[in-house]
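In what follows, a structure is listed as structure tokens, so that the remarks can point back to it.
Read the figures in this text as sums done on the coordinates, not as results from a lab. As the structure is a computational prediction, the values presented were derived from the model and not from experiment. Using ideal geometry, Cβ is built from the backbone for each residue, glycine included, and neighbour counts are taken over all protein chains shown.
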Amino acid sequence: MSLKLYYVPGVCSLSPHIALEESGLPYTTMLMDPATHTLADGSDYYSINPLGYVPLLELADGSRLREGLAIVQYIADQAPQKNLAPANGTLARYRLIEWLAFMSSELHKGFGPLFNPDASDAFKAAVKTRLSGRFQWVDGELKGQSDYLMGEHFTVADAYLFTICNWTARVNLDISGLTHLAALRERIAKRPAVQAALRAEGLLK
């Protein structure tokens, strides 16, 4: 089985890219230019995904999955021995979904206005204040935790949080004082699979 991930460097598609590296599953990637929606092979990405955004995962049978929350759980379930997600049906699995949903709605989407050149400075300031509060909450939740969000095992939730944290520097949102979050971020950054994904996207030399 070979999977194909459609991605843009450094955006939310980095999360499933990390998950794929961690899983050990065979996969390939296809780069998309967000300015033109042209793929590396010259074709139109809209012909693959009419919504135009990444990530998108193409499965071995040609079917396709959109939306990061679905994609990373699919990847995790193909390599259960890697413990990238708790078993389906367990409370721990719902805790994972809870984290993924929180990060999608309360963190990920919150960055949208900060990348919008038409958004006013006042609105961006309010957005940053809200995001800071959400990151502070995450930092508090990490206090007394084991190595990762879900305990001793790295999961796809960690990959997603790491991806989002990387955007803070681009919008001048300082989270350096959040010591538990900073420690988690540093721990994740040192993982060989994470470094491999970053390197493949040109984000790490």
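Observations on the model:
- Remark: the stretch 20-32, residue by residue, has Karplus-estimated 3J(HN,Hα) of 5, 4, 5, 6, x, 6, x, 7, 10, 10, 9, 7, 10 Hz, where x stands for each Gly or Pro and the curve is 6.51 cos²θ - 1.76 cosθ + 1.60 at θ = phi - 60°.
- Mean shadow area of the chain, taken as a quarter of the surface of its Cα convex hull (nm²): 12.0
- Straightening the chain between Q145 and E67 buys 25.3 nm, computed as 0.36 nm per residue apart minus the Cα-Cα spacing.
- Rough spin-label spacing in nm, given labels placed 7 Å along Cα→Cβ, for E152 and L203: 2.9
- Computed from label points 7 Å out along Cα-Cβ, the spacing between S47 and F115 is 2.5 nm.
- For L3, the residues whose modelled amide H falls within less than 5 Å of its own, excluding neighbours fewer than 5 places apart on the same chain, are Y27, T28.
- Two-site FRET efficiency, N88 against T28, from Cβ-Cβ distance with R₀ of 30 Å, rounded to 0.05: 0.65
- Of A159, A183, A169, the one that fluctuates the most in a GNM where the chain has Cα springs shorter than 10 Å: A169
- Taking every alpha-carbon pair under 8 Å whose residues sit at least 6 apart, the stretch 48-205 reaches a relative contact order of 17 percent.
- Principal axes of the stretch 1-106: Cα extent on each, largest first, Å: 44, 33, 22
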